[in-house]
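These notes are about the structure you will find just below.
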Amino acid sequence: MPEDQGGHDPWRQEAVQMQKDDPELTISQIAARLNKPVKTVKSALANARKKEALAKSEKGSQGYSKEGRNDNDKANLLPYQIAPIPGKGLGLVATRKICRGELIVQEKPVLTASGGLVGFALKQLQTQFDQLSSSVQDEIMVLYDKHAPDGVGKTLSGVFSTNALPQGVGSPDAALCLVISRANHSCISNAYHGWVDGRERLYCDTDIESGEEICTNYIQWHRTTIQRQDALQAQFGFLCGCPACMEEETLRKKHDAIRCQIGELDEAIPELAFSPSKAVALVEKVLGLYEQLGRPVPHAAEQRHCYDAFQLQSGMLPASPSRYIQARTLPGTGLEAVPRAHGMKTETLLPLWLQHQG
Ligand SMILES: C[S@@+](CC[C@H](N)C(=O)[O-])C[C@H]1O[C@@H](n2cnc3c(N)ncnc32)[C@H](O)[C@@H]1O
């Protein structure tokens, strides 16, 4: 049996364990520690991931239990599993409670392409694909292709355009990841993406209970139900039936209006960079509007708006408006360390900001 095609050598388990213990370790570092070729280790890890995903989805199809697991299992479990979701194909399901702000998974992309999700260079993509091991190629081609809903006639470009994500907000470059690709959409998503050091990250946006589906938001959030549904149908070919889309009409209209208002204020805040007190008042208003939606303020939104408040009040504005808009969406700005309970008055914010800066 070729070295990268399976087998039970102990080093394979050791490689998997090393990656689990320290997700920041690169394959080259693992290979160096095990004294194995990088290609062999890469292939062994991909095989192990595939087996794990398969075992999990088989478990899911045999009847996934919403009750969660006992405490002994919890320590060894990934916080998610890939499982069938009625009406949506496969999806990600929490295997335990996941807390707001927690990192759910971080992945190195298997394919990247410049030129965005639509205009990416197919040749560039195909060249990268051809250089991957056959097991990783298989893992890519089992992902969903929106142009081949019954799985017949899938293409690499179809799989890529269905699943790839921008490398950070507004980036023209796209990346394809094997696990994060399985996250389905909800207009009241409980998870969000971040791009850090060449890796795609999935974070928890609002607390997720064990057995609950982990969903991201595929489209612009600040839109009415009809606008969201039209966009999802056109771009991804499905009709959204999430709890926000299914709300009773009066409530739905009220929430649609709040979403649009948040969108307008969100755009107005960076424009007010040189009137900090007005801008901070808007930040407070936005956070209040989120609360009127009847659920906790999502973690990503709160981080972004607290970042606004800090930058505006401390006068530490990035050089240009576009830099500023980019910076406010970066995950891990550390501002979550500053509780909103402190209020947003300059005299409270400034010392906290300085403390935060070390
Ligand atoms: C990135 S994939 C998500 C994972 C996919 N369900 C799978 O089986 O691999 C996007 C596709 O998932 C399906 N999908 C995502 N969210 C959905 C939802 N809320 N309702 C129905 N289908 C959904 C759509 O077919 C969409 O084109």
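The values are calculated or read from the model by the stated rules, or taken from the named source; none is laboratory data. All values derive from a computational prediction rather than experimental measurement. Ideal geometry is used to build each Cβ from the backbone, glycine not excepted, and the neighbour counts take in all protein chains shown.
Among the residues of the stretch 187-205, which ones are more than 16 Å from the ligand (Cβ to nearest atom), more than 18 Å from Leu78 (Cα to Cα) and of a type outside the set (D, E, K, R)?
Gly194, Trp195, Val196, Gly198 - these are the residues of the stretch 187-205 that are more than 16 Å from the ligand (Cβ to nearest atom), more than 18 Å from Leu78 (Cα to Cα) and of a type outside the set (D, E, K, R).
Write out, first by first residue and then by second, each pair whose Cβ atoms fall under 9 Å of each other, whose residues are 6+ apart or on separate chains, and whose first residue, in the stretch 232-244, is within 17 Å of Ile85 (Cα to Cα) and without any contact (Cβ under 8 Å) to a residue 40 or more places away in the chain while the second is outside any loop (DSSP other than H, G, I, E, B) and more than 6 Å from the ligand (Cβ to nearest atom).
As it stands, the answer is Leu239/Gln229; Leu239/Leu232; Leu239/Gln233, since those pairs meet every condition given.
For the list (1) surrounded by 14 or more Cβ atoms within 10 Å (Cβ to Cβ); (2) within 25 Å of Lys20 (Cα to Cα); (3) within 16 Å of the ligand (Cβ to nearest atom), I need the number of the one condition that Asp138 fails.
All conditions are met except number (1).
Residues are listed down the side, and each one gets a yes or a no for (1) of a type in the set (Ser, Thr, Tyr); (2) outside the structural domain of Glu24 (by TED's automatic domain parsing); (3) away from the ligand (no atom under 12 Å from the Cβ); (4) at pLDDT 85 or above:
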| site | (1), (2), (3), (4) |
| --- | --- |
| Gly68 | no, yes, yes, no |
| Asp73 | no, yes, yes, no |
| Arg100 | no, yes, yes, yes |
| Ile104 | no, yes, yes, yes |
| Leu122 | no, yes, yes, no |
| Ser134 | yes, yes, yes, yes |
| Tyr144 | yes, yes, no, yes |
| Val152 | no, yes, yes, yes |
| Val159 | no, yes, no, yes |
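Kindly indicate which of Pro84, Pro172 is surrounded by fewer than 16 Cβ atoms within 10 Å (Cβ to Cβ), within 11 Å of the ligand (Cβ to nearest atom) and touching a residue at least 24 places away in the same chain (Cβ under 8 Å).
Going through Pro84, Pro172 in turn, the sole match is Pro84.
Based on what the data block shows, is Gln124 without any contact (Cβ under 8 Å) to a residue 40 or more places away in the chain, in contact with a strand residue (DSSP E or B) (Cβ under 7 Å, 6 or more places away or on another chain), more than 23 Å from Ala301 (Cα to Cα) and not aromatic (Phe, Trp, Tyr)?
Spelling it out, Gln124 is indeed without any contact (Cβ under 8 Å) to a residue 40 or more places away in the chain, in contact with a strand residue (DSSP E or B) (Cβ under 7 Å, 6 or more places away or on another chain), more than 23 Å from Ala301 (Cα to Cα) and not aromatic (Phe, Trp, Tyr).
Return a yes/no flag: does the stretch 222-229 have any residue that is within 16 Å of the ligand (Cβ to nearest atom), touching a residue at least 24 places away in the same chain (Cβ under 8 Å) and either closer than 18 Å to Gly101 by Cβ or basic (Lys, Arg) (or both).
Scanning the stretch 222-229, I find at least one residue that is within 16 Å of the ligand (Cβ to nearest atom), touching a residue at least 24 places away in the same chain (Cβ under 8 Å) and either closer than 18 Å to Gly101 by Cβ or basic (Lys, Arg) (or both), so the answer is yes.
Does the stretch 163-207 hold any residues that are charged (D, E, K, R) and more than 12 Å from the chain's Cα centre (by Cα), and which are they?
Within the stretch 163-207, Asp173, Asp197, Asp207 meet the criteria.
Checking Val280 against (1) in contact with a Leu (Cβ under 7 Å, 6 or more places away or on another chain); (2) not in a helix (DSSP H, G or I), which test does it fail?
With respect to (1) in contact with a Leu (Cβ under 7 Å, 6 or more places away or on another chain); (2) not in a helix (DSSP H, G or I), Val280 is out only on (2).
When Ala257 is evaluated against the numbered criteria (1) surrounded by fewer than 16 Cβ atoms within 10 Å (Cβ to Cβ); (2) closer than 20 Å to Tyr290 by Cα; (3) within 16 Å of the ligand (Cβ to nearest atom), which criterion, by number, is the only one it fails?
The failed condition is (3).
Given the structure, is Leu54 surrounded by 12 or more Cβ atoms within 10 Å (Cβ to Cβ), farther than 19 Å from Leu132 by Cα, at pLDDT below 80 and not small (Gly, Ala, Ser)?
Yes: the conditions hold for Leu54.
Would you mind stating whether Gly241 is surrounded by fewer than 17 Cβ atoms within 10 Å (Cβ to Cβ) and in contact with a Lys or Arg (Cβ under 6 Å, 6 or more places away or on another chain)?
No: the conditions fail for Gly241.
With the checklist (1) on the phi < 0 side of the Ramachandran plot; (2) part of a loop (DSSP other than H, G, I, E, B) in hand, flag the one item Gly153 doesn't pass.
(1)
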